[in-house]
Every structure is written in structure tokens, then in C-alpha cells.
Amino acid sequence: MQPEMLPLFPLGVVLFPRTQIPLHIFEDRYKEMIGEALRNKTEFGVVLAADRGIVGTGCTAVVEKVTQAYPDGRMDIVVMGVRRFEIRDLDTEKAYLRGSVDFFNDEETDEPGEDLRERALQGYGELKEVLGPEPAPDPKLEDPQLSFQLAQLVPDLEFRQKMLGLRSESERLRQLVEFLPAHLEQQRHAGHVRAVAPWNGRGPALGAS
């Protein structure tokens with residue numbers, strides 16, 4: 001019996017389990033794919049589109065809500081990540097890409113230490129402050145995979161993809177704790193550059209009446 005094929009949506013994003021992302025659907029093939037997912041209440045796979053093709057590890061998504069439907073069939077939707085998978089084979093029979101996949105979860109059952117969780121939460125809080133007034137979700141502390149909640153603010157796609165593939169919550173939290181200090185420094189520097197850029201190197205006119 002042929003395994004059921006998972007519809008695949010290559011995007012420039014990395015989706016984590018139990019986190020949300022908004023999507024604008026405008027290509028005909030993806031209108032068809034999302035339309036089927038809505039009608040059948042089924043999952044589709046979000047995979048990172050890299051320079052050399054799609055990445056082999058992704059996360060399934062379900063449509064949580066349609067925020068806007070346009071007369072030409074385009075739509076704005078919000079999707080929620082569900083479960084991780086690795087692609088075995090690809091299928092191009094339909095207008096959109098499909099794949100046979102293996103689903104996976106964490107292999108480690110030991111809970112990470114409280115100190116590790118607190119350090120990761122502290123880094124997340126500092127990142128929220130640096131990013132400014134943009135709304136950032138509060139992490140669900142009861143989530144056994146808290147690391148995904150915390151990593152969703154990090155825009156670095158290579159880091160996000162690495163996190164998605166790790167099968168240990170302790171290791172993901174360690175990676176976050178090691179990654180965030182340098183990332184925070186970069187964000188602070190970028191914020192400073194944005195703040196002084198309007199002066200175009202001239203500086204403010206001090207003492208002007």
C-alpha cells in the first residue's frame with residue numbers, strides 16, 4: 001500500500017511545533033493545497049526553501065483561522081505548527097509538491113535542569129526588550145518543549161532549522177543559552193544603527209534656537 005503523501009509548502013521560514021505564523025496565500029497551487037487542508041481539516045508540511053532546494057526536515061501545520069479571503073482566491077491565514085518530520089521521497093504528481101515522510105519527536109525523556117530553563121527564559125526576556133514594542137508571545141511555561149516557544153523570536157533561519165532537528169529539549173535549551181548573547185549584541189548594535197541613521201552622519205543641531 002502506497003504511503004499517504006504529505007503536501008509540502010516550501011517557504012523562507014522555519015515553523016516550530018505549537019507556534020503560530022501568518023501566511024499570505026496567492027499562488028494557484030497553494031490556493032489549491034490550503035483549500036484542501038481547510039475542507040478536510042488536514043495538515044500540510046512547512047519546509048525551509050534553501051538555495052539548493054528544500055531542507056529535509058520540516059514541521060506540519062494546521063490552519064487555525066482565515067483572517068482575510070479575497071475575491072480572487074487569495075487568503076491571509078494563521079497556521080499552527082504541529083509535529084516534526086523528515087522527508088523520505090518527493091512526489092510531483094500534483095501542482096504542489098508532496099512527500100512521504102517519517103514523523104519524529106524527542107528521544108530524551110529526562111527533564112532539563114531548572115537553571116538551564118531560567119537562563120534561556122532570561123535570554124528570551126532580554127530579546128523581547130531589545131526588539132522593542134512589537135508584540136511578542138508569552139511562552140507557555142508548561143510546554144515540555146519550551147525551547148520552541150523561546151526560539152520563535154530568533155530570525156536566524158540556520159539556527160532555527162538546527163533547533164527544529166534536535167531531539168533533546170536539554171540540548172535545544174543549551175543551544176539557546178549559547179546563541180543568545182551574541183545575537184542580543186547584534187540586535188542592540190542594529191538598533192543603535194537604526195537610531196542614528198536619520199541623521200545621515202551629520203548629528204543633531206545642538207543648541208539651535
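The values are calculated or read from the model by the stated rules, or taken from the named source; none is laboratory data. Treat the numbers as computed from the prediction; the structure is a model and nothing was measured. Note that we place each Cβ from the backbone using ideal geometry, even for glycine, and neighbour counts take in every protein chain shown.
Listed conditions (1) within 26 Å of residue 25 (Cβ to Cβ); (2) of a type in the set (A, V, I, L, M, F, W, C); (3) touching a helix residue (DSSP H, G or I) at 6+ places or on another chain (Cβ under 9 Å) are all met by residue 87, apart from (3).
I want to confirm something. Restricting to the range 1-26 and keeping residues that are more than 16 Å from residue 63 (Cβ to Cβ) and surrounded by 15 or more Cβ atoms within 10 Å (Cβ to Cβ), which single residue is farthest from the chain's Cα centre (by Cα)? Restricting to residues being more than 16 Å from residue 63 (Cβ to Cβ) and surrounded by 15 or more Cβ atoms within 10 Å (Cβ to Cβ), the top hit is 5. Checking every residue in the range 44-61 against the condition of being β-branched (Val, Ile, Thr), under 19 Å from residue 11 (Cα atoms), surrounded by 14 or more Cβ atoms within 10 Å (Cβ to Cβ) and in contact with a helix residue (DSSP H, G or I) (Cβ under 8 Å, 6 or more places away or on another chain) gives at least one match. The requirement of being farther than 17 Å from residue 175 by Cβ and out of contact with any Phe, Trp or Tyr (no Cβ under 8 Å at 6 or more places or on another chain) is fulfilled somewhere in the range 102-109, by at least one residue. Within the range 68-79, the set of residues being surrounded by fewer than 18 Cβ atoms within 10 Å (Cβ to Cβ) and under 19 Å from the mean Cα position of the chain (by Cα) comprises 76, 78.
Residue by residue, here is whether (1) over 26 Å from residue 57 (Cβ atoms); (2) surrounded by 11 or more Cβ atoms within 10 Å (Cβ to Cβ) holds:
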{"site": "113", "(1), (2)": "yes, yes"}
{"site": "134", "(1), (2)": "yes, no"}
{"site": "171", "(1), (2)": "no, yes"}
{"site": "182", "(1), (2)": "no, no"}
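Working carefully through the options 77, 87, 34, find the one that is more than 19 Å from residue 148 (Cβ to Cβ) and in contact with a Lys or Arg (Cβ under 8 Å, 6 or more places away or on another chain). Every option except 77 fails the conditions. Exactly one residue among 84, 39, 18, 52 is under 23 Å from residue 159 (Cα atoms) and without any contact (Cβ under 8 Å) to a residue 24 or more places away in the chain, and that residue is 52.
Right, residue 132: closer than 27 Å to residue 12 by Cβ and either at pLDDT 80 or above or more than 21 Å from the chain's Cα centre (by Cα) (or both) or not? Against the criterion (closer than 27 Å to residue 12 by Cβ and either at pLDDT 80 or above or more than 21 Å from the chain's Cα centre (by Cα) (or both)), residue 132 does not qualify. Out of contact with any helix residue (DSSP H, G or I) (no Cβ under 9 Å at 6 or more places or on another chain), closer than 21 Å to residue 154 by Cβ, surrounded by 14 or more Cβ atoms within 10 Å (Cβ to Cβ) and touching a residue at least 40 places away in the same chain (Cβ under 8 Å), is that true of residue 34? Here the answer is no, as residue 34 does not meet what is asked. Among the residues making up the range 30-54, those that are among the β-branched types (Val, Ile, Thr) and closer than 13 Å to residue 97 by Cβ are 46, 47, 54.
Out of the residues in the range 106-129 meeting the condition of being closer than 26 Å to residue 55 by Cα and more than 20 Å from the chain's Cα centre (by Cα), tell me which one is modelled with the lowest pLDDT. Of everything passing the filter in the range 106-129, 108 is modelled with the lowest pLDDT.
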